[in-house]
Each structure stands twice: as structure tokens, then as C-alpha cells.
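Chemist: Quick one: the structure is below, questions incoming.
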């Protein structure tokens with residue numbers, strides 16, 4: 001199988017059905033052998049029921065994995081990597097802010113020889129404060145501290161060679177949000193990374209659970225732990241630059 005699109009969701013009952021159908025339509029139109037893997041991270045609305053119905057409506061094309069309680073986005077990513085059947089794993093937030101029609105662009109970039117392709121929200125629709133925090137994070141941590149030429153580390157639309165994604169040891173234990181360091185981790189493990197511009201839409205349904213006033217503190221705490229856990233690898237990466 002070429003591709004597994006992993007949809008990470010919590011309480012997305014208004015989005016998960018249309019988004020899944022849109023992805024399957026892209027697969028059919030572009031003749032991509034792929035599946036949709038729904039990772040339900042402890043939803044309390046009808047999302048879990050809808051996920052199970054989608055697996056029944058599309059046997060062999062849609063699968064669902066349920067976390068009994070909300071564990072967070074990083075754990076949903078790890079669950080997706082471990083359960084993906086495709087050669088390429090595409091992670092995508094299930095809020096319908098990303099365009100499924102751009103999936104072939106990610107796959108084409110992987111076929112060029114990259115191990116990771118990350119989306120850059122060139123015209124991001126989020127609030128000013130979220131955009132400001134993101135720009136600061138990307139400038140001072142991703143580019144300055146890790147020397148990565150990446151504009152948008154936290155985009156929720158990325159593609160990985162599945163085998164390498166599993167092997168790089170993405171382990172959220174002890175972190176509050178390791179997903180914010182997934183590209184630095186990939187770089188430390190020697191994966192070749194590309195960035196592509198993507199469209200970004202307003203959320204059509206549901207709400208975000210991200211609290212902008214806690215994210216900077218969580219990120220700084222995780223950054224401290226990440227530096228300690230990967231001290232030697234970070235030093236070696238900087239020396240290469």
C-alpha cells in the first residue's frame with residue numbers, strides 16, 4: 001500500500017465524515033492505493049461512533065483506533081505510525097483546515113527522495129496570537145537552536161516514510177507535547193526533510209483545544225527535556241551545520 005493518511009481527532013463529529021470522504025475521493029481520482037486511519041483520542045461526542053461507521057461503509061479503506069481516554073496529539077501520532085500499513089504515513093489534523101487534494105504533492109515529494117515532507121501554512125488563518133507564538137517558536141527554537149531551515153514546524157499536515165517514522169523513536173513519554181519537536185527529532189536521526197507551501201482554511205466545525213496562554217510554558221519545559229535527552233545528537237547536528 002502506498003499511503004496511510006492518519007487523521008488525529010478529538011470531538012470532531014462535524015468534520016471527520018466529510019474529511020474522510022474527501023481523502024478517499026482523492027485516492028480514487030489519482031489512483032493512489034491508500035487507506036485512512038482514524039485515531040480517536042478519547043472523544044466524548046459522536047466521533048467514535050462515526051469512526052466505526054466509516055470503517056463499515058469503507059471496508060479495507062478506512063480503519064479506526066480508539067484511545068480510551070484523551071492522551072494528546074503526540075500519542076495519537078505514535079499510534080498512527082505504529083498502525084499504518086502504507087509505505088508513506090501522512091498525518092493530518094481532522095479539523096478540515098487542510099486540503100486533501102494536496103496529498104499527491106506530499107507523495108511526489110517523498111518520491112523525490114525525502115524522508116519527511118512538512119507543510120508550510122503560508123497564509124495561515126489562525127488568530128494573531130497563535131501566529132505570533134508560532135513565528136517566535138520557529139525563529140528562535142527551530143531555526144536558531146536546531147539550525148533547521150523550516151518555517152512552520154507545527155503544521156498539522158506532514159508526510160513520513162513509515163518505516164523511518166517508526167524507527168526514529170518518537171516516544172511521547174515524559175513530554176507534554178513531543179509533536180512540537182518531531183522535525184528536530186527527525187533531523188537528529190538523519191532523515192532528509194523538505195517543506196512545501198500548503199493552503200490553510202478556517203475550521204468549519206468544532207473548536208480547538210489549544211490554549212495559547214499555556215503553550216509557551218509547556219513548550220519551554222519540553223525543550224529543556226528534549227535538549228537533555230538528545231544532548232550529544234544536538235551537538236553533532238550543530239557541528240555539521
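Coordinate-derived values only; no laboratory data. Quantities reported herein were computed from a predicted structural model and do not represent experimental measurements. Positions of Cβ are generated from backbone atoms using ideal geometry, with glycine treated the same way; all protein chains shown enter the neighbour counts.
Chemist: If a paramagnetic tag sat 7 Å from the Cα of residue 53 along the Cα-Cβ line, which residues of segment 65-100 would have the backbone N under 19 Å from that point?
Modeler: It comes to 65-66, 94-96, nothing else.
Chemist: Can you give the Rg/Rh ratio of the chain, where Rg is from the C-alpha atoms and Rh is the Kirkwood radius?
Modeler: On the way: Rg = 17.1 Å, Rh = 18.1 Å.
We get a ratio of 0.94 for the chain.
Chemist: Grab the Cα-Cα distance for residue 108 and residue 21, subtract it from 0.36 nm times how many residues apart they are, and report the gain in nm with one decimal.
Modeler: Values: separation 87, 0.36 × 87 = 31.32 nm, distance 2.17 nm.
That works out to 29.2 nm of additional length.
Chemist: Next question, about the same structure. Of 153, 97, 53, which is the most mobile in a GNM of the chain whose springs link Cα atoms less than 10 angstrom apart?
Modeler: Highest fluctuation among the options: 53.
Chemist: Where both residues lie in segment 3-240, what percent of DSSP beta bridges are antiparallel, nearest 5? Mind dumping the intermediate values first?
Modeler: Values: 8 of 33 bridges.
If I count the DSSP bridges inside segment 3-240, around 25 percent turn out antiparallel.
Chemist: If you take the beta carbon distance between residue 70 and residue 233 as r and set R0 to 35 Å, what does 1/(1 + (r/R0)^6) give as a FRET efficiency, to the nearest 0.05?
Modeler: Details: r = 31 Å, r/R0 = 0.87.
FRET efficiency, residue 70 to residue 233: 0.70.
Chemist: For the chain, modelled as a GNM with alpha-carbon contacts under 10 angstrom, which of 170, 217, 157 fluctuates the most?
Modeler: Per the Cα network of the chain with a 10 Å cutoff, 217 tops the list.
Chemist: Which distance in Å, rounded to a whole number, links the C-alpha centroids of segment 20-42 and segment 157-204?
Modeler: 19 Å
Chemist: Another question, if that's okay. Please check: in the Gaussian network model of the chain (C-alpha springs, under 10 Å), which one of 96, 78, 46 has the largest mean-square fluctuation.
Modeler: Most flexible of the set in this elastic network: 46.
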